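In what follows, a structure is listed as structure tokens, so that the remarks can point back to it.
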Amino acid sequence: MSLRSLAMFVVLVGCSGRHHPDNFAAAPIHGTALKEQSEDCRECHGEDLTGGDSKIGCDGCHSGATPTAWRSNCTFCHGGVDNKTGAPPRNLDGTDLVGPFPGHTIHVTGSAIANAYDCTQCHVKAIDVLSPGHVFDATPGEAENDYGSGLSPQAKFNPADGTCSNAYCHGSGRGDDGNVARDAAVACSGCHPTQESGAAGWGNMSGPHMLHMSLAGVSCADCHSTTTTDGTTIASKALHINGLRDVAITEPGFAYDGAKATCNGSCHGYVHAGDVWAGGADGRYHPSGFSAPSAHGTELELQRQDCRGCHGANLEGGSGTGLSGPSCDGCHPGAAPTSWRTNCTFCHGGGLDQSGAPPRDLGSSVLNTAQSFVAHARHVSPAIMVANDCTTCHVKPVDVMSTNHAFDATPQVAEVNLTLDGRNPGATYAFATGTCSNLYCHGNGRTNGTYTDGQAPVTCLSCHGGKANEYQNLGGSHDHHKLEQCADCHLDVVATGSTQITNVLLHINKAKDVRLKNGTFNAATRTCTNLVCHGTETW
């Protein structure tokens, strides 16, 4: 034996003939040294731990059905406190039986929403203790994550906070977009929109999910019946979080072609004739004929689809999540590419006049007076008053994308707010009856009035009276002047000898415009002078 070999022998064996310290044979001691790689057992016990120079193999002490059974028994090193998979494993130092990732158990044993997953979803699974990259590797003390063989090959794990990111299995089902904290409670809405999510959530789903989910009576189970029976309970865990979109439509006689992503048949009263779901073989998102204004215009007005999901947040084109649509400006004609956006009649029609009032009912192609509010035309056209702007009854949008206009939380409703007009601070509107209440503009000039859309045409008598028994409802001494004409005292407002309004600026303007035909009126003192009929009188 050379001097160098003798020196090495002394170091390894020591003066007492032992290399390891007292009690090293205890499993928690030498097991921890192995897992943390604080010592490399192979230096003495051989590359395959069968003995080597020490002549002592690990198989001789470790018990099992066979001498080598321990080598491929995961729980032998990783524990098995919660279950016999060895997950959650003990920490590498053997001190924590809950483990650094408590979600291990539910992942490997299954849950109410998913089957049990193998270790390969998040790790390179070892065959035995000596598999490459397992016990003896270049990263001692670490349990490496490798999602490449699982459902989420792009996923990442942050050991510092136990967060998974870019995961399919905690995502929306449309890609590797899931992020979940280690201790997070998982619910359906935590990954993808549900039946209760509303338009804001449904618009983030693929294809025309929003169109379908917004229809009364439609649930997830209508199209995914083998996966869920009611939209909240998973019917088959094998078909959930499995990397596939399992479509099984319940409607009798309805057919879905998975290869072409097309639907044929009648469902919820709508006939599908090769309608293409996003990603279909022919590249269409919408069904044939959808480019017709009466088709896509209706969908926009009723908010049955949120165009922004494909055509961009401002409808200027761009990418949605996995989808892309052209700019709406490219197809809509006008003096300029964007002129349609501020042209009210482009969407609201202009059958009676170019104000767009009365508008078509939302989703309707009717261009006549049989509208939800037939009096629109009278309100926006000068007749007995100045033409009212939309702001009299509505928040007037600047363009199609204005807040609470085309896209809002109340689809299919044209919101009314009469208080925006300074003349009607306390007015209200009832959609059910088409009735405006507490109105100055339909009052008698002294007290507010009520008007129901579609009632008899409005005349002077509708508001002011004018018959002998109604003059008493007017102000001051009107009742004593009931034999006179309106023009005798309101010469600038109404024509002599008739009820025709001659100056719409002075009618329904919340002012009492008095000019006497035969005399002078002092508004400050409410006094009539130089009268042919009375001389001087106070009103």
| note | Helix-only [θ] at 222 nm, the chain, -39500 (n - 2.57) per DSSP H run of 4+, per residue, nearest 500, equals -3000 deg cm²/dmol
| task | Give, in nm to one decimal, the length gained when the segment between residue 255 and residue 515 is fully stretched (0.36 nm per residue of separation minus the Cα-Cα distance). | result | 85.9 nm
| Rounded FRET efficiency, nearest 0.05, which uses the C-beta distance separating residue 142 from residue 189 and R0 of 30 Å | 0.30
| task | Take the eigenvalues of the Cα gyration tensor for region 155-279, scale each by 5, and report the square roots as semi-axes in whole Å, largest first. | result | 30, 15, 14
| Using 0.36 nm per residue, how much length does the chain from residue 42 to residue 270 gain when fully extended, once their Cα-Cα distance is taken away? | 74.9 nm
| Magnitude of the Cβ-charge dipole of the chain, K/R +1 and D/E -1, about the Cα centre, nearest 20 debye? | 1560 debye
| Cα-projected label distance for residue 314 with residue 200, points at 7 Å along beta-carbon direction, nm | 2.2 nm
| request: Among 87, 267, 120, flag the residue with its Cα farthest along the positive direction of the charge dipole of the chain, charges on Cβ as +1 for Lys/Arg and -1 for Asp/Glu. | output: 267
| remark: Largest-first ranking of 296, 480 by accessible area, probe 1.4 Å, whole protein assembly kept, is 480, 296
| message | Just want to confirm a number: the relative contact order over the chain, from Cα pairs under 8 angstrom separated by 6+ residues, in percent. | response | 5 percent
| Accessible area per residue, Å², region 185-251 with all protein chains present, probe 1.4 Å | 50 Å²
| task | Rank 159, 305, 240 by how far each Cα sits towards the positive end of the charge dipole of the chain (+1 on Lys, Arg Cβ; -1 on Asp, Glu Cβ) and give me just the farthest. | result | 305
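For region 23-145, state the semi-axes of the equivalent ellipsoid (square roots of 5 times the eigenvalues of the alpha-carbon gyration tensor), sorted largest first and rounded to whole angstrom.
Details: eigenvalues 148, 42, 39 Å².
The equivalent ellipsoid of region 23-145 has semi-axes of 27, 15, 14 Å.
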| So for the chain: antiparallel DSSP bridges make up what percent, rounded to the nearest 5? | 95 percent
| request: In debye, nearest 20, what is the charge dipole magnitude of region 180-303 about its Cα centre with +1 on Lys and Arg Cβ and -1 on Asp and Glu Cβ, if you could check? | output: 300 debye
| note | Note on region 39-145: contact order normalised by length, alpha-carbon pairs under 8 Å, 6 or more apart, percent, works out to 14 percent
| note | Residues other than residue 506 with Cβ under 15 Å of its Cβ, Lys/Arg counted +1 and Asp/Glu -1, net out at +2
| message | Just to verify a number: what accessible area does residue 213 come out at with the full protein assembly present, 1.4 Å probe, Å² rounded to tens? | response | 20 Å²
| remark: Normalised Cα Rg of region 448-539, dividing by 2.2 N^0.38 Å with N its residue count, works out at 1.15
| In nm, to one decimal, how far is the modelled label at residue 29 from the one at residue 428, with both set 7 Å along Cα→Cβ? | 8.5 nm
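Restricting things to Cα coordinates, could you compute the convex hull volume per residue of region 348-454 in Å³?
114 Å³
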| note | Here the FRET efficiency for residue 182 versus residue 503, based on Cβ atoms and R0 = 51 Å and rounded to 0.05, is 0.10
| query | If R0 is 25 Å, what FRET efficiency do you get for residue 128 and residue 54 from their C-beta distance, rounded to 0.05? | reply | 0.75
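Step by step: find N for region 493-539, compute 2.2 N^0.38 Å, then divide the Cα radius of gyration by it. What's the final number? Numbers along the way, then the final one.
Values: Rg = 12.1 Å, N = 47, 2.2 N^0.38 = 9.5 Å.
In units of the 2.2 N^0.38 Å rule of thumb, it is 1.28.
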| query | Label residue 83 and residue 480 with points 7 Å out from Cα along Cα→Cβ: what is the distance between them in nm? | reply | 9.8 nm
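Please report Rg over Rh for the chain, where both radii come from the alpha carbon positions and Rh follows the Kirkwood definition.
On the way: Rg = 40.8 Å, Rh = 31.7 Å.
Reported Rg/Rh (Cα atoms, Kirkwood Rh): 1.29.
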| query | Any idea what log10 I(q)/I(0) is at q = 0.12 Å⁻¹ for region 32-101, Debye with uniform C-alpha scatterers and no solvent? | reply | -0.37
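So, counting K/R as plus one and D/E as minus one, what does the shell of residues with Cβ under 13 Å around residue 219 add up to? List each step's numbers first, then the result.
Details: positive: none; negative: 196, 222, 230, 251.
So the environment of residue 219 carries a net charge of -4.
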| query | Mind checking Rg over Rh on region 94-212, alpha carbons, Kirkwood formula for Rh? | reply | 1.04
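The values are calculated or read from the model by the stated rules, or taken from the named source; none is laboratory data. Bear in mind the structure is a predicted one, so any value in this text is a computation, not a measurement. Virtual Cβ from ideal backbone geometry, glycine too; neighbours counted across all protein chains shown. Heavy atoms of the whole protein, side chains included, go into the accessibility calculation; ligands, DNA and RNA do not. Shrake-Rupley method; radii C 1.70, N 1.55, O 1.52, S 1.80 Å.
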